[in-house]
Ligand SMILES: Cc1ncc(COP(=O)(O)O)c(C=O)c1O
C-alpha cells in the first residue's frame, strides 16, 4: 500500500490502569449543546475505505474526514472557537455586563463594545489559531495570534483572513507558546491555548471538550464498534479527547494508537520515560500541526493510561499516505498532519511483529481520524501532485 520505511511503535505499559477524570461529562454535554447550535454545524463525513481495509487485511477501515469542518478545514474548529465563546460569556458576566450572554446574542452584536475590549490570543502552527481567530470574529472580540517562523504564508493568511493580528516569533511552536504567554501577561489578554501546563488547564480543557464532538459523531456513524483507533498526536489534546470519548461510548475495548512525527514524538518519549518529557531540537517536520515538543499536561494525564500504543513515523511516510489517498478513486484530500495515523496503521499492518503487538487481524475494525483537509493548498499540491 505504502512503501515500507522505518517507524517506531511502543506499547503503553500503563494502558488501562485507573486514573483521574480529565474531561468530566457535564463539560462535554455543554460543549456539544453549544457547538451543535452554531449556524453551519453539520457532522463531518465518515467514509468506509474498503480498498485500504482489503490491502491491510483487516475487516474495515473508516476515515473521519475533518476537511469540511465549518469551512475551516480541520477538527480544530471545534475546540478553539468554543473556548473563545465560553471565555467571552464568562468574562462578560464577571464584568457585570451580561450575566448569561449567549453566543447567538454575541453574533448578533449584543455587548459589542464590551466584547471588543477583550483580546484573545494563542500560539499556533496553523489550525488552532484559525479556530481562535474565527471564533473571535464571530463572537466579536479582538484577537492576536503568534506563529513561529516555519508556519507557511498560506497558513498565516488563512488566520489573518478572520481579522486577527499575526505576530511572528523566532524558533519553534513551543517558543511561540512562551512568547504568547509572556505578552498576554503584560497586556492582560486571554490566552486560549490548545495546550495546558501546571496552573493553566481550564481553557485547554474546554478546547478538548470541543474536540470530543468529532469522536462522538464518529461513534454514532460507525456501523459497528471499532477495535482500533489511530489519531495524530501533537501536544496530545485531540488524542486524549478521542480516548475519553471512545471509552465513554464503547468502554475500554478500542485500542488507541497515537501517531506522531519521528522528529517531534514527545508523547512517545513521555511514555518511554513514564512521565511527561519534552523533546528538543528543531522539530522540523512536514506535519506542521504535530510539530510540538512538549505534551499538554491534561492530555498526558489521559493518554498515560488511555493510549494502547504510541507510534512515530517519518515525513516520507506521511507523504506516501497523502498520495495514496489522493490517487484512490474517488480521491480523498488529506493534509500532512491528518495522515500520521493512516501512515502508522499501514506500516504496522504490513509488519508481522507490529501487527501482533497491536492485535491487528482479519476481524479488526479500524477507525482513522483524518484531522484536516488541505489546510495549505499550495503545499498539498506540491506534495501530492494533485490540486486540493
Ligand atoms: C490537523 C491536525 N491534526 C492533529 C493535530 C494534533 O492535535 P494536538 O496538538 O491536540 O495533539 C493538530 C494540531 O494542530 C492538527 O492541526
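Please give the Cα centre distance for region 203-229 versus region 361-378, rounded to the nearest Å. Rounded to whole Å, the Cα centres lie 14 Å apart. Label zone (residue 14, point 7 Å along Cα-to-C-beta; backbone nitrogen cut-off 18 Å) within region 216-259: 234-244, 256-259. If R0 is taken as 45 Å, the Cβ-Cβ distance between residue 178 and residue 94 corresponds to a FRET efficiency of 0.95.
Mind sorting 54, 263, 76 by how few other Cβ atoms lie within 10 Å of their own Cβ, fewest first?
54, 263, 76
When peptides 252-260, 200-208 are ranked by their average number of other Cβ atoms within 10 Å per residue, the highest-first order is 252-260, 200-208.
Rounded, prolate or oblate for region 115-218? Axes are the square roots of the Cα gyration tensor eigenvalues, ordered a ≥ b ≥ c, and the cut-off for rounded is a/c under 1.5.
Rounded, because the longest to shortest axis ratio a/c is under 1.5.
Compared with the dominant Cα axis of the chain, that is its longest principal axis, helix 340-349 is turned about 10°. When the alpha carbon gyration tensor of region 241-388 is reduced to an equivalent ellipsoid, the three semi-axes, largest first, read 25, 20, 14 Å.
For a protection proxy built on the mean count of beta-carbon atoms within 10 angstrom, sort 324-330, 147-153 highest first, please. All intermediate terms of the calculation are to be shown ahead of the outcome.
Working: 324-330: 14.0, 147-153: 17.4.
The packing order, highest mean first, is 147-153, 324-330.
When each of 20, 2, 159 is scored by the number of other beta-carbon atoms lying within 10 Å, the sequence from fewest to most is 20, 2, 159. Remark: the chain is approximated by an ellipsoid whose semi-axes, taken from the C-alpha gyration tensor as √(5λ), come to 32, 21, 20 Å, largest first. What is the diffusion coefficient of region 26-158 in µm²/s, taking the Kirkwood radius over Cα pairs and the Stokes-Einstein relation at 10 °C with a viscosity of 1.306 mPa s? The calculation lands on 96 µm²/s. Residue order for 217, 336, fewest other beta carbons within 10 angstrom first, comes to 217, 336.
Springs join every pair of Cα atoms under 10 Å in this Gaussian network model of the chain, and among 347, 286, 49 the largest mean-square fluctuation is at 49.
The angle separating the long axis of helix 80-94 from the principal Cα axis of greatest extent in the chain is about 30 degrees. Compared with the dominant principal axis of the Cα atoms in the chain, helix 202-221 is inclined by about 50°.
Counting only DSSP beta bridges whose two residues both lie in the chain, roughly 20 percent are antiparallel.
We did not get these values from a lab; they are worked out from the coordinates using the rules stated. None of the values given here were measured: they were computed from a predicted structure. Ideal geometry is used to build each Cβ from the backbone, glycine not excepted, and the neighbour counts take in all protein chains shown.
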